[in-house]
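S.K.: Right, I'll just put the structure down here and ask away after.
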Amino acid sequence: MPRQQHGGKPRDPLWENVRYVAATVVLVGHAITPLRDQFPFMHWLYNATWQLGVPAFAFISGRFSTALPLTARAAGRVITGIAIPYAAFSLLTSLQLWILNGDWDFFVAEPVATLWFLLALIIWKVVLPYAVAVRYPLAWSVAAALAVGFAEDIGFEFAASQTITFFPFFYLGHLMAREQRLADAVNAVPRWAAALVTAALAGGAWLVDDRLEPVWLAMKRPYSADSYDLVWGLPVRAAVLLWGAVAVLALIRLVPRGHVPVLTSLGTAGLYIYLLHPLVLRQFHHVDFFARMDTGAEAAAVLAVALAATVVLGSRPVQWLARPFVQPRAAWLLRPAPGPAEQERTPAAPREPALVAPSGSGPAAPATPSDRENW
């Protein structure tokens with residue numbers, strides 16, 4: 001039985017499955033980050049799977065975002081589904097770091113760990129109606145992502161750099177939903193060809209080895225602050241953007257289109273996995289757990305535990321405990337819906353799926369490591 005979205009429409013299992021892959025990649029990437037320099041396999045795994053994490057989350061979010069100006073109802077969903085969870089988890093992170101380290105710092109202007117994505121998502125949804133009003137919005141968004149690397153004063157504050165650099169993935173997802181020809185072209189790609197593309201990208205990540213710095217993939221710092229100079233900064237970022245787009249489109253062809261037991265259900269809990277795992281990993285960092293990993297077997301065990309953690313964090317009991325933070329009931333904060341007379345004077349707008357499913361039907365989520373993760 002397919003899950004229901006707002007308005008009674010069934011949730012497409014394909015996108016739930018892609019969400020689970022994206023959430024898993026983000027969690028595993030953060031779990032193996034401390035092991036990258038010590039174990040070459042972990043370095044390769046991080047680089048080879050990066051594009052299936054945050055770029056995929058951004059793509060899916062764009063796929064289910066409308067380019068119409070925000071209505072009161074849509075703005076309410078942004079507030080309750082994105083802004084309040086952002087503030088709630090910023091507060092939880094601050095409390096956790098205060099308990100662990102004794103230092104108080106409320107992360108708002110510079111979002112910590114994974115929270116930058118929620119802040120960026122708010123901005124993307126607001127900007128999208130303006131982006132589609134210009135000619136060649138995808139080209140302009142890519143140009144902005146490349147140009148922002150030259151700006152020394154754009155960086156961590158309000159996730160400005162990542163908001164700009166990852167917007168092309170968000171817009172590409174929106175474009176695929178709007179342009180049927182693009183969707184048909186992607187769906188026409190044979191799965192064996194998508195598998196070959198994915199294998200080639202993974203092989204390329206192995207060949208470049210440690211010459212591919214993970215910080216390049218985050219795309220959040222100016223070129224001058226990374227380990228390449230201004231001459232190489234632009235082509236490297238352009239290659240990263242292209243790599244991410246091709247990999248996400250290939251993933252869409254490879255992921256099962258129908259309901260998959262366990263996997264599809266966990267996909268509806270993608271936002272829970274995405275938001276909760278930094279709180280867990282931070283505890284392990286505090287006791288120097290990862291510093292004790294000396295053998296390949298121990299590193300493989302970390303990888304296995306990280307995969308198992310997606311099942312735990314996406315489980316129903318954990319959802320029940322975390323729902324007040326991930327899916328807060330904040331209807332009291334919003335103005336009441338307009339009455340029939342007022343609705344007649346207000347043009348109707350198409351409904352868009354919520355970031356997560358309504359309580360009782362199972363949550364759904366749309367999901368780069370940071371050198372300011374504050375583990």
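S.K.: Give me the extension gain from Ala200 to Ala183: residue separation times 0.36 nm, minus the current Cα-Cα distance, reported in nm with one decimal.
M.R.: 3.8 nm
S.K.: With every protein chain present, what accessible area does Val262 have (1.4 Å probe, heavy atoms only), rounded to the nearest 10 Å²?
M.R.: 90
S.K.: Rounded to the nearest Å, what's the spacing between the alpha carbon centres of segment 51-82 and segment 245-267? Just the number, please.
M.R.: Centre-to-centre distance over Cα atoms comes out at 19 Å.
S.K.: If you don't mind, another one. What trypsin sites (Lys or Arg not before Pro) does segment 121-178 have in DSSP loop regions with at most 13 other beta carbons within 10 Å?
M.R.: Filter output for segment 121-178: Arg135.
S.K.: How are the alpha carbon pair distances in segment 24-102 distributed across 5 Å bins from zero to the largest one, expressed in percent?
M.R.: Taking all Cα pairs of segment 24-102, the binned fractions are 3, 12, 13, 14, 16, 16, 14, 8, 4, 1, 0 percent.
S.K.: Evaluate the distance, in nm, between pseudo-label points positioned 7 Å from the Cα of Asp288 and of Gln38 along their respective Cα→Cβ axes.
M.R.: Taking the simple label geometry, Asp288 and Gln38 are separated by 1.2 nm.
S.K.: Turning to a different aspect of this structure: Mind listing which chymotrypsin sites (Phe, Trp or Tyr not before Pro) in segment 66-155 are in a DSSP loop and have 11 or fewer other Cβ atoms within 10 Å?
M.R.: Trp104
S.K.: Kindly write out, for segment 277-289 in residue order, the coupling ³J(HN,Hα) from the Karplus curve 6.51 cos²θ - 1.76 cosθ + 1.60 (θ = phi - 60°), rounded to whole Hz, with x marking Gly and Pro.
M.R.: Rounded to whole hertz, the list is 5, x, 5, 6, 4, 4, 5, 5, 5, 5, 9, 6, 4.
S.K.: Moving on to the next point. In nm, to one decimal, how far is the modelled label at Val246 from the one at Ile79, with both set 7 Å along Cα→Cβ?
M.R.: My value for the distance between the label points is 4.5 nm.
S.K.: Could you tell me which of Gln283, Pro336, Tyr272 has its Cα farthest along the dipole of segment 190-337 towards the positive end, charges placed at Cβ (Lys, Arg +1; Asp, Glu -1), taken about the Cα centre?
M.R.: Looking along the dipole axis, the top candidate is Pro336.
The values are calculated or read from the model by the stated rules, or taken from the named source; none is laboratory data. Computed from a prediction, not measured in an experiment: that's the story for all the values here. Using ideal geometry, Cβ is built from the backbone for each residue, glycine included, and neighbour counts are taken over all protein chains shown. Each accessible area value is taken on the protein alone, full model and side chains, heavy atoms only, with ligands, DNA and RNA left out. Shrake-Rupley method; radii C 1.70, N 1.55, O 1.52, S 1.80 Å.
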